[in-house]
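Report on one structure; see the data block that follows.
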Amino acid sequence: MTQDAGPQGAGQEPGHEPGHEPGQGPGADEDQAQPARFSQARAAQSRALLEDYAEMIDDLIAEHGEARITDIAQRMGVTHPTATKAVGRLKREGLAVSRPYRGVFLTEDGHELAARVRARHRTVVDLLVAIGVPRAAAEIDAEGIEHHVSDATLRAFETFLDRP
């Protein structure tokens, strides 16, 4: 059985362009950078979830004096096992502790993380409102944006908003 030469030339694999080897040519740097970007995006999503849990636990502690797994799960809209797993990660990272028969509490580092996330959220909301986004929409949009803004971008937002 012979391979059809077609427009790709004799012996060429389908989809292969002559003179363009994979990993070489004009898009090669982009091809090699893409996996790193995707990996960074996944890590950022994982970190964002951790930040959301820390902020939620901080809110529950402020309201009720403690954060029970049941309350965390309910507020986050997840199952009890999912909340337990997230709290386990917070504990492994030194951001939370649990006390028998009491619930979950943030460590000093956990409180600091929650405060940074809350401040970041306020900055993003204020910027969105400043450019004309209605406050209700800005609050929702900020939840997605706040975790993915670099410190340099956040400083630029604060400068734009005339904050020290």
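Every number here is computed from the coordinates shown, using simple stated rules; none is lab data. Treat the numbers as computed from the prediction; the structure is a model and nothing was measured. Reconstructed Cβ throughout: ideal geometry from the backbone, glycine too, with neighbour counts over all protein chains shown.
Here are the numbers for this structure:
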quantity: Fully extended contour minus Cα-Cα distance, from His80 to Gln45, at 0.36 nm per residue; calculated: 10.5 nm
quantity: Mean separation of Cα contacts under 8 Å (6+ apart) over length of segment 111-160, as relative contact order %; calculated: 42 percent
quantity: Cα-based shape type of segment 123-164, given that a ≥ b ≥ c are square roots of the gyration tensor eigenvalues and the cut on a/c is 1.5; calculated: oblate
quantity: Relative contact order [Cα under 8 Å, 6+ residues apart], segment 41-107, whole percent; calculated: 33 percent
quantity: Computed FRET value (nearest 0.05) for Ile140 with Phe38, which takes r as the C-beta separation and R₀ as 25 Å; calculated: 0.45
quantity: Positive minus negative residues near Pro100 (Lys, Arg vs Asp, Glu; Cβ under 13 Å); calculated: +2
quantity: Overall form of segment 94-164 per C-alpha gyration tensor (a/c, 1.5; a/b vs b/c); calculated: prolate
quantity: Only Lys, Arg (+1) and Asp, Glu (-1) charged, at Cβ; segment 41-107 dipole about Cα centre in debye; calculated: 400 debye
quantity: Sequence-distant residues sharing a close amide H with Arg68 (under 5 Å, placed H); calculated: Val104
quantity: Furthest towards positive pole of dipole, Thr123, Leu106, Val149, structure part segment 31-150, Cβ charges; calculated: Leu106
quantity: Whether segment 41-107 is rounded, prolate or oblate, judged on the alpha carbon gyration tensor where a/c under 1.5 counts as rounded; calculated: prolate
